[in-house]
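These notes concern the structure reproduced below.
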Amino acid sequence: MTNQNNKSALTTLVTVFFFWGFIAASNGVFIPFCKTYFNIDQFQSQLVDFAFYGAYYLGALFLFLMSTVIKKDILNNWGYKNGIVYGLLLSAIGAFVMYPATSGAEQGQTAVFYFVLIALFIVGLGFSLQQTAANPFAIALGDPKTGSHRLNLAGGINSFGTTIGPVVVSLVIFGSASWSTDELAQMITNNEITLVTVQGLYLGVGALFLVAAALFHFSKKLPSLKSDKPFEPANKAALLLIVLTLIIISCFGYIFSTYSGDATTTEAIEQTRLIILFVALFAVVAAVFTAYTSASKKPEGWGAMKYPQLVLGMLAIFTYVGVEVTIGSNLGELLKQSINDTGLNAIGLPVLNDSQLGSYISLYWGGLMIGRWVGAITVFNPSKGLKKALLIIVPYVAFGVIILANSIKYSFTSDEILFFAICIAVQIGGFFLAKDNPVQTLKIFSLLGVLAMLIGLFSSGNVALFAFLSGGLFCSIMWPCIFTLSIAGLGKYTSQGSAFLIMMILGGAIIPPVQGKLADVFNIQSSYWIAVACFGYLLFYAFRTKAVLDKQEVTY
């Protein structure tokens, strides 16, 4: 009976995962549209991610600091169920704020863009609270050893949202017609395509948030899962995070100041902006390194950060979310930026416009859905033979869903289908080699991610395009592996550790703007070196965390 209730509870829980995916992937279409509509550069367009994912960090940090002040874990006191309800209500407020934020906006009004960022920030704050509660909630609904599989199932639903999100948003903003680049630019200039449609979309999303909140609040099958464990203070961790936050705010504050006024942007200013962005990036790395070394010598005052698997996992979540988001968010610019007016984009394919990007962005995020559907197979306890068959069948069924979802507006060519089918075959090979082991899975898929990005950097045409698109396939399985390994053996610090991990979704706020500025200073294709670096750390993490957990004799 308990098992049946847990399945019903998990079914209810995964609805919020869909919302996260829908909104997050939709940003991939929204970002290039904002760049065109508000007349901003590539770095500024990536501030959509900065606002959205930065809210995750600040929301989780605020919860942690408030818990430290009152010496009581706020989320444990509320219960995971109520935490999700409050998060949904906050996201609904952000969605509704989008209406007055963009009311009356016209093409070229850059100042309105910053009001859009505020609305997205509030939505992100709600998501932060939901994620802090939902991930450990999913793990707690059954045997901890199969926790990563439940997260994969939830991730599969999340990825269904990421797959249809870009298609729906592209339809809402641009309609079903295929405009030429010049026609689209003229329509935006003439205010024939406006933010009114975006307002309607977010009003609808806000209403859905309220429905989901009611569903959670009145659900009898969803336990509150409160914890009576005392709050464990982590004053040193709190101080470190406050310092890190101040550095990041200072860096981005300075960069924002260079965009004010009518000052001409020079090469020197652009290079300075890039350097400051790398300061913010390295500040995160330095903070994690400080926690890792200091806590190993004197663990008192570090709370959950005294566990090296968590600290290493924090940087892994940072780089994983960063690379997942930045590949998709900069993909639009890669496909629409003309090189020397040749009619070809950065990788030698025909230039696309904003209205044509949704399908490729959907295909990228659909790659995450494919991997997560495969990762969720174990939840259903199939026999060995059936499982092997499903490892081959499920990815291509998911691919069929992606093609079907996109058929509303776009039909992939036979070459495109073949290229992505080959990428899926490589992913399937990775699953067979990994054998459900989270460490082995991370090793294989991180290595594949590095190779894919290098192929994208040093090739052109469809080979480069699908190498970059395959990044979604290789990112797909990483979140549950990293999350499960990071909180393994934390005991009473599990809730606090979860909050620290959610903070590191900050990677989605910092890494895309860094890549955006690399694209401004150099070019869009070479900016993908940052993705190589991210996958490189994840490969290191897979080896290092295994050694750490083996030393502690922790089961994973």
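Structural remarks
- Screening the range 276-297 for residues that are without any contact (Cβ under 8 Å) to a residue 12 or more places away in the chain and over 24 Å from the mean Cα position of the chain (by Cα) and picking the one that is surrounded by the most Cβ atoms within 10 Å (Cβ to Cβ) gives 293.
- Test result for residue 323, buried (at least 18 other Cβ atoms within 10 Å of the Cβ), in contact (Cβ under 8 Å) with a residue 40 or more places away in the chain and in contact with a Cys (Cβ under 6 Å, 6 or more places away or on another chain): yes
- With respect to (1) part of a helix (DSSP H, G or I); (2) among the small types (Gly, Ala, Ser); (3) open to solvent by less than 20 Å² (accessible area, probe 1.4 Å), the lone exception for residue 111 is condition (3).
- From the options 115, 52, residue that is free of Cβ contacts under 8 Å to residues at least 60 places away in the same chain and within 18 Å of residue 32 (Cα to Cα): 115
- Contacts under 8 angstrom Cβ, first residue in the range 377-399 being within 19 Å of residue 150 (Cα to Cα) and open to solvent by 40 Å² or more (accessible area, probe 1.4 Å), partner assigned to a loop (DSSP other than H, G, I, E, B) and at pLDDT below 90, 6 or more apart: 390/382
- When every residue of the range 514-534 is checked against the conditions, none turns out to be over 18 Å from residue 43 (Cβ atoms), touching a residue at least 12 places away in the same chain (Cβ under 8 Å), open to solvent by 10 Å² or more (accessible area, probe 1.4 Å) and among the charged types (D, E, K, R).
- Boolean, residue 519 is within 30 Å of residue 136 (Cα to Cα) and among the hydrophobic types (A, V, I, L, M, F, W, C): no
- Unmet requirement for residue 44, which otherwise passes all of (1) open to solvent by 10 Å² or more (accessible area, probe 1.4 Å); (2) modelled with pLDDT of 85 or more; (3) within 30 Å of residue 303 (Cα to Cα): (3)
- Summed over the range 477-512, residues that are of a type outside the set (A, V, I, L, M) and either free of Cβ contacts under 8 Å to residues at least 60 places away in the same chain or closer than 16 Å to residue 326 by Cβ (or both) total 5.
- Test for residue 67: is it crowded, with 24+ Cβ neighbours inside 10 Å and either among the aromatic types (Phe, Trp, Tyr) or part of a helix (DSSP H, G or I) (or both): no
- With respect to the conditions (1) of a type in the set (Phe, Trp, Tyr); (2) free of Cβ contacts under 8 Å to residues at least 40 places away in the same chain; (3) buried (at least 24 other Cβ atoms within 10 Å of the Cβ), residue 474 lacks only one, and its number is (2).
Condition check ((1) in contact with a strand residue (DSSP E or B) (Cβ under 7 Å, 6 or more places away or on another chain); (2) more than 17 Å from residue 503 (Cβ to Cβ); (3) at pLDDT 95 or above) across all residues:
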residue: 244; (1), (2), (3): no, no, yes
residue: 256; (1), (2), (3): no, yes, no
residue: 260; (1), (2), (3): no, yes, no
residue: 270; (1), (2), (3): no, yes, no
residue: 278; (1), (2), (3): no, yes, yes
residue: 289; (1), (2), (3): no, no, no
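- From the list 511, 482, 444, the one residue that fits, being buried (at least 21 other Cβ atoms within 10 Å of the Cβ) and closer than 17 Å to residue 333 by Cβ, is 511.
The values are calculated or read from the model by the stated rules, or taken from the named source; none is laboratory data. If you're wondering where the values come from, they're calculated on a predicted model, not measured in any experiment. Virtual Cβ from ideal backbone geometry, glycine too; neighbours counted across all protein chains shown. Only protein heavy atoms, including side chains, enter the accessible area calculation; ligands, DNA and RNA are left aside. Shrake-Rupley method; radii C 1.70, N 1.55, O 1.52, S 1.80 Å.
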